[in-house]
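Step one of this worksheet: look at the structure below.
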Amino acid sequence: MKTNSLYITSMEPGAGKLTVSLGIMELLTRRLCKVGFFRPVVDDDAQSDSDIELIRSRYSLEIPPENMFGCRAHEAKAMVAEGRFRELLETIIDKYKALEEDCEFVLCEGLNSQGFISSFDFDINLNIAKNLAGPVVVVFNGVDKGVAEIADGLKIMADSINSEGCTLFGAFINRLKPGVLNSLAYALREVKGVDGPIYLLPEEKELDSPSLAEIVNSLDATCVLGDHESLTRVVKQCKIAAMNLNHFLDYIEDGDLIITPGDRADIILGTLATFYSYNAPTITGILLTGGLIPPENVMQLVKGMRRFPVPLLSAADDTFTTAMAVNNVKARITAGNERKIALALGLFESSVDTGEIEKRIALAKSESVTPIMFEYSLFAKAKVADCHIVLPEGMDKRILRAAEILLRREVVQLTLLGQPQKIEHLIASLGLELSGVNIIDPAESPDIGNFAEQFYELRKQRGMTREAAIDAMSDPTYFGTMMVYNNKAQGMVSGAIHTTQDTIRPAFQIIKTRPGVSIVSSVFLMCLDTRVLVYGDCAVNPDPDAEQLAEIAISSADTAAMFDIEPRVALLSYSTGESGKGAEVEKVRKAAEIAGKKRPDLKLEGPIQYDAAIDPQVAGTKLPNSEVAGRATVFIFPDLNTGNNTYKAVQRSSGAVAIGPILQGLKKPVNDLSRGCLVADIVNTVAITAIQAQAVK
């Protein structure tokens, strides 16, 4: 089956279409540059459709929201009620075709199965899908359904699709309990008439639980205390605090949203105090009712507890009305909630044969590579590598948020270093789920004595004493490096709170360089609009000599190949070819000669100016017969000053995504983070480290 569109629909409310939409969009955007997203009808009660906003935001679709849907619900209802269904179809098709012209593939997400002539929703969806000529993906809601009921639903679905003249691409049965999921896998072999694969997705309670942000938006509440990230916490259950504190404390559970009048200072302060007890449950937030805010002296106490903050919200209605409203909040996956997005994608990718779906879509890989496509390829490669990465900075909030995303997407296995009790308390206070993470306290590890003795043996010729070696192993960065040295982890990522020297010095001393490599260097992966370039060295070596520059060029070419970038290496200078003279040009010329002799297989040019290396027209004038000029993918700068300034200039002026620095030349991978890094930077760097570790293996 070859198609350039799919139509995702469901037969009933709450099936989880968006989880499937996200999973398929993830597959599409890994290979194609111009993917569109379209909804035939969207609700009236929102300025913008939440599913459209999520897809636009996550996949950086440069498509105006108004071009991504056919019409509003009130318009559709009026056309159907007045017998103008053909006009409705024509309106939807016109909008869809306009979008299709600018896209390589369009994913359509059908009408919501509630509120819009609900008894005919599925038939209307099939009619629209048929007119858009897209194969149909059906999503079933498996909640509280038995095997027989699901099998009957599949037969009804297949009959409806066949009678409507549509093509079934596949069916997803979502939100299945473990017992039903296992039984259903066998029972589906007996279901006849379903022409397409059937995928089973287990129930994930967090996806069905609202976040604090959703509650705030739905109730028009205000956030008295707390930041944006704290509002991504999920509410597992609600507790109304009506009794005295000493009785109420017995009822608190992990994940509770505590609902209490705003003048109950005893409940507010007593509940917040649970954050300072390792034995108490961890609540998600406190919602004050009646529009009441605690007096200033109480708020001063609350603000003094910011070390482990819990969101403090306020709603205008009374406690009963507020509790009922909270109970009616629908859980959603929204653009700002990276935790739920990661969980949904992890669920999809672990439950579904994504390779089979890609083959059925028969995607032709785009020659262009966008930043999004490249970042997703990192995840795919890292998953295949199946590596164990150690993160020494276990008490950094960004590290913990990144760790949750990595574990939910099943990208790597992780070890955090630090005191387990403190890290677990911080994880709970941030509302994160890191049940699959390993936590080691270097000071309490049974490995510390062996590691110290090994370090002493490695460094005793340079004056290392056993006492100093033991002291060094209490440092998480040294301990983590020794874990990599002993194959207890395949790579390490640090630097969120440590300096570059703190991160790479232990690697120099313990792991050391690969055979034949005398220098550790770095590259940045520069993700431009439609291609990825490699810049080196922009972070480590201030002024490499010709021999070192040649090694940097070779290492950078190998790094490029590791990430499926064909290495065409340009050694940069202020002149091209034989046109310039001077010590700096001669250094680059000599480096090019050395690199060419060491690696005759590489396509390599130098000295060459940047414009001649990247622009085919300039190259045609300056070096018309070069394999590299105008087509370079690896750019080697003559010194750190030039490289660092250039990568930052390109990053800031063009909007390029700069991934790195990536260290190269070590026997095993260790990578450094910027102390100003974002969670996404950490996630990408860990994935890159796993890919490097796979190359070592």
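The values are calculated or read from the model by the stated rules, or taken from the named source; none is laboratory data. None of these values were measured; they are calculated from a predicted model. We place every Cβ from the backbone using ideal geometry, glycine too, and count neighbours over all the protein chains shown. Heads up: the accessible areas ignore ligands, DNA and RNA and are worked out on the full protein's heavy atoms, side chains in. Shrake-Rupley method; radii C 1.70, N 1.55, O 1.52, S 1.80 Å.
Miscellaneous remarks
- Largest accessible area first, the listed residues 441, 475 line up as 475, 441 when surface is computed with a 1.4 Å probe on the assembled protein chains.
- Residue-by-residue Karplus 3J(HN,Hα) for the range 647-654, coefficients 6.51, -1.76, 1.60, Hz, glycine and proline x: 5, 6, 5, 5, 4, 6, 8, 10
- The string of couplings for the range 478-484 from the Karplus curve (6.51, -1.76, 1.60, θ = phi - 60°) is 5, 4, x, 4, 5, 4, 5 Hz, one whole number per residue in order, with x for Gly and Pro.
- Among the protein heavy atoms, those of residue 318 account for about 80 Å² of accessible surface (1.4 Å probe, every chain in place).
- Fully extending the segment from residue 318 to residue 296 would add 5.8 nm, taking 0.36 nm per residue of separation and subtracting the current Cα-Cα distance.
- Note on exposure: 686, 540 ranked by accessible area (1.4 Å probe, complete protein assembly) read 540, 686, with the most exposed listed first.
- Residues of the chain: accessible area per residue with a 1.4 Å probe, Å²: 42
- When a 1.4 Å probe is rolled over the protein heavy atoms, the share of accessible surface on the range 273-432 that falls to carbon and sulfur comes to 51 percent.
- In Å², nearest 10: area of residue 330 left accessible to a 1.4 Å probe: 140
- Dipole check for the range 407-541: with +1 at the C-beta of Lys and Arg, -1 at the C-beta of Asp and Glu, and the Cα centre as origin, the magnitude is about 460 Debye.
- Net dipole in debye of the range 540-650 [+1 Lys, Arg Cβ; -1 Asp, Glu Cβ; about Cα centre; nearest 20]: 160
- Amide proton proximity set for residue 238, modelled H, under 5 Å, gap of 5+: 257
- Amide H contacts of residue 393: 417, each under 5 Å away and 5 or more positions distant or on a separate chain (H built 1.01 Å from N in the peptide plane; Pro and chain starts excluded).
- Average Cα contact separation per residue, the chain, under 8 Å, 6 or more apart, as relative contact order %: 11
- Net charge of Cβ neighbours under 9 Å - reference residue 140; Lys, Arg +1; Asp, Glu -1: +1
- When a 1.4 Å probe is rolled over the protein heavy atoms, the share of accessible surface on the range 518-671 that falls to carbon and sulfur comes to 50 percent.
- Farthest toward positive dipole pole in the chain [+1 Lys/Arg, -1 Asp/Glu at C-beta], among 427, 468, 687: 468
- Positive-end residue of 325, 288, 301, charge dipole of the range 254-326 with Cβ unit charges: 301
- Here the chain is treated with +1 on each Lys and Arg Cβ and -1 on each Asp and Glu Cβ, and its dipole about the Cα centre works out to around 1760 debye.
- Note on the range 546-605: dipole from Cβ charges, positive end direction compared against 563, 602, 576; the farthest Cα belongs to 576.
- Residue 254 long-range amide H proximity, modeled H, under 5 Å: 282
- Segments 144-152, 404-412 sorted - mean Cβ within 10 Å per residue, highest first: 404-412, 144-152
- Annotation note: GluC sites (Glu not before Pro) in the range 522-625 located in DSSP loop regions with a Cβ neighbour count of at most 13 within 10 Å are 578.
- A helix-only calculation puts the chain at -13000 deg cm²/dmol for mean residue ellipticity at 222 nm, using -39500 (n - 2.57) for each DSSP H run of at least four residues, averaged over all residues.
- Global geometry of the chain, whether rounded, prolate or oblate, following the gyration tensor of its Cα atoms and the 1.5 cut on a/c: oblate
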